[in-house]
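These notes are about the structure you will find just below.
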Amino acid sequence: MNITQIRNATQLITYGGKRFLIDPLLAEKEAYPGFAGSVRAELRNPRTDLPVPLATLLAVDAVIVTHTHADHWDAAAAALIPTSMPVFVQNASDENLLRGQGFTHLCLLEECTAFGDITLSKTDGQHGPDEAYANPQLAARLGDACGVVFTHPQEKTLYLAGDTLWVPAVEVALRRYQPEVVVLNAGWAHIIGVGPIIMGAEEVFKTHRLVPQAQIVATHMEALNHCLLTRAALREYVDANQFGEQVFIPQDGEALTF
């Protein structure tokens, strides 16, 4: 497999002979205001430019949208991606949203979803702490977000955890699938009064302890106003804890092969 870090959670993944665009955030730098109610909301998003031409991002076999927050499926993606492109989504709500945007080849992710010889398995997560989901307004804002496990007879098992904290569902997925490559959204994004809504350095460590054989790819970093963990800080943390050889923290545009 080849994983090219694009920006935020956007990646190009070649797996089992297919090319996937993951969670496309395609707008120009600083096209959108910062997320209201989040830390450093005065900063505009995305914080960085796309590192590759748009044509490269659109030359794929399918798109996977783990959820439809604007940093994973933005207005530019909806406008630029061909509406006939196969797009995998997590639930009927997201399917209806994209159908309303004109997309005609929508596929609901399930426990075992086939795409050629590749099996895509939806996993659960939780995009914030329990206390936030007890508040109806916050729960609606955070919504649902999923992960995806890729399997193929000639490939290592790949687990994209998606936008989630360290919750039992993540442990279940790691124990069940025993992935050899794990992509973690590790930017430690914060909402005022709530705290982190995705993983950070400690959760990277927890992942390593549970699946020590896995190679971990940290993404969703340094591209949004509310992501507080930097690449340099994560590198210092994993090296200090002596598992840095298992952790990859790619720069935008950097490609990894496993």
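The values are calculated or read from the model by the stated rules, or taken from the named source; none is laboratory data. As the structure is a computational prediction, the values presented were derived from the model and not from experiment. Cβ coordinates were reconstructed from backbone atoms using ideal geometry, including for glycine residues, and neighbour counts include every protein chain displayed.
Has segment 153-174 got at least one residue that is part of a loop (DSSP other than H, G, I, E, B), closer than 24 Å to ALA41 by Cβ, in contact (Cβ under 8 Å) with a residue 12 or more places away in the chain and touching a Leu at 6+ places or on another chain (Cβ under 7 Å)?
Taking every residue of segment 153-174 in turn, none turns out to be part of a loop (DSSP other than H, G, I, E, B), closer than 24 Å to ALA41 by Cβ, in contact (Cβ under 8 Å) with a residue 12 or more places away in the chain and touching a Leu at 6+ places or on another chain (Cβ under 7 Å).
Can you tell me which residue is surrounded by the fewest Cβ atoms within 10 Å (Cβ to Cβ) among those in segment 127-155 that are of a type in the set (A, V, I, L, M, F, W, C) and in contact with a strand residue (DSSP E or B) (Cβ under 7 Å, 6 or more places away or on another chain)?
In this case the residue turns out to be VAL149.
Tell me yes or no: at least one residue of segment 91-107 is outside any helix (DSSP H, G or I), without any contact (Cβ under 8 Å) to a residue 24 or more places away in the chain, closer than 16 Å to ILE64 by Cα and touching an Asp or Glu at 6+ places or on another chain (Cβ under 6 Å).
yes
For THR119, all conditions in the list (1) under 23 Å from VAL238 (Cα atoms); (2) assigned to a strand (DSSP E or B); (3) among the hydroxyl-bearing types (Ser, Thr, Tyr) hold save one; what is the number of the exception?
Going through (1) under 23 Å from VAL238 (Cα atoms); (2) assigned to a strand (DSSP E or B); (3) among the hydroxyl-bearing types (Ser, Thr, Tyr) one by one, THR119 breaks only (1).
Looking at this structure, is VAL182 touching a helix residue (DSSP H, G or I) at 6+ places or on another chain (Cβ under 9 Å), free of Cβ contacts under 8 Å to residues at least 40 places away in the same chain and surrounded by 17 or more Cβ atoms within 10 Å (Cβ to Cβ)?
Yes: the conditions hold for VAL182.
Could you please find all residues in segment 107-126 being surrounded by fewer than 18 Cβ atoms within 10 Å (Cβ to Cβ) and hydrophobic (A, V, I, L, M, F, W, C)?
CYS107, LEU108, CYS112, ALA114
Could you tell me whether LEU229 is touching a strand residue (DSSP E or B) at 6+ places or on another chain (Cβ under 9 Å), surrounded by 21 or more Cβ atoms within 10 Å (Cβ to Cβ), at pLDDT 95 or above and part of a loop (DSSP other than H, G, I, E, B)?
For LEU229, the condition - touching a strand residue (DSSP E or B) at 6+ places or on another chain (Cβ under 9 Å), surrounded by 21 or more Cβ atoms within 10 Å (Cβ to Cβ), at pLDDT 95 or above and part of a loop (DSSP other than H, G, I, E, B) - is met.
Residue by residue, here is whether (1) of a type in the set (Phe, Trp, Tyr); (2) closer than 17 Å to LEU142 by Cα; (3) touching a helix residue (DSSP H, G or I) at 6+ places or on another chain (Cβ under 9 Å) holds:
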{"position": "GLY200", "(1), (2), (3)": "no, no, yes"}
{"position": "VAL211", "(1), (2), (3)": "no, no, yes"}
{"position": "HIS220", "(1), (2), (3)": "no, yes, no"}
{"position": "LEU228", "(1), (2), (3)": "no, no, no"}
{"position": "ASN241", "(1), (2), (3)": "no, no, yes"}
